[in-house]
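Working notes, beginning with the structure itself.
The values are calculated or read from the model by the stated rules, or taken from the named source; none is laboratory data. Predicted, not measured: the structure shown is a model, and the values here were computed from it. Quick reminder, even Gly has a Cβ in these numbers, built from the backbone with ideal geometry, and neighbours come from all protein chains shown. Just the protein is used for accessible areas: all its heavy atoms, side chains included, with ligands, DNA and RNA removed. Shrake-Rupley method; radii C 1.70, N 1.55, O 1.52, S 1.80 Å.
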Amino acid sequence: MITVKYFGAIAAQANVAEEMVLFAEQSLVDLIQAVTTKHNFDTVSYSVAVNHELIQDVATYDLQSNDVVALLPPFAGG
């Protein structure tokens with residue numbers, strides 16, 4: 001299983017803060033496409049982290065069983 005966590009406006013749009021996804025040796029890009037379709041994230045901007053590490057190249061990242069994927073909305077610091 002892979003845990004997918006949603007934060008901020010993304011969680012509000014998904015109407016859930018966290019969900020479990022069956023692991024089937026999928027790539028990160030496949031998972032992102034699936035949750036984007038499921039929750040209609042087409043117009044939402046976000047960053048992706050896996051196991052607390054921001055992922056720059058989502059297209060080439062392969063997930064492992066028990067990974068935790070977080071979709072993070074844009075945020076400002078100060």
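Summary of computed values
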| quantity | calculated |
| --- | --- |
| Cβ-derived FRET efficiency at R0 25 Å, residue 47 paired with residue 12, nearest 0.05 | 0.90 |
| Amide H contacts of residue 55 (H built 1.01 Å from N, under 5 Å, at least 5 apart or other chain) | 48, 49, 50 |
| Neighbourhood charge, 13 Å Cβ-Cβ cut-off, centred on residue 50 and excluding it, Lys, Arg +1 and Asp, Glu -1 | -3 |
| Helix-only mean residue ellipticity at 222 nm for the chain, each DSSP H run of n ≥ 4 adding -39500 (n - 2.57), per residue, nearest 500 | -7000 deg cm²/dmol |
| Where a label projected 7 Å from the Cα of residue 19 along Cα→Cβ would reach, residues of region 43-78 with amide N under 15 Å | 69-71 |
| Of all accessible heavy-atom area on region 2-72, the percent that carbon and sulfur account for (1.4 Å) | 49 |
| Region 2-72: C-alpha pair distances exceeding 15 Å, % | 47 |
| Acute angle (nearest 10 degrees) that the helix 28-39 long axis makes with the longest principal axis of the chain, alpha-carbon atoms | 50 |
| Residue-normalised accessible area of the chain, given per residue in Å² at a 1.4 Å probe | 63 |
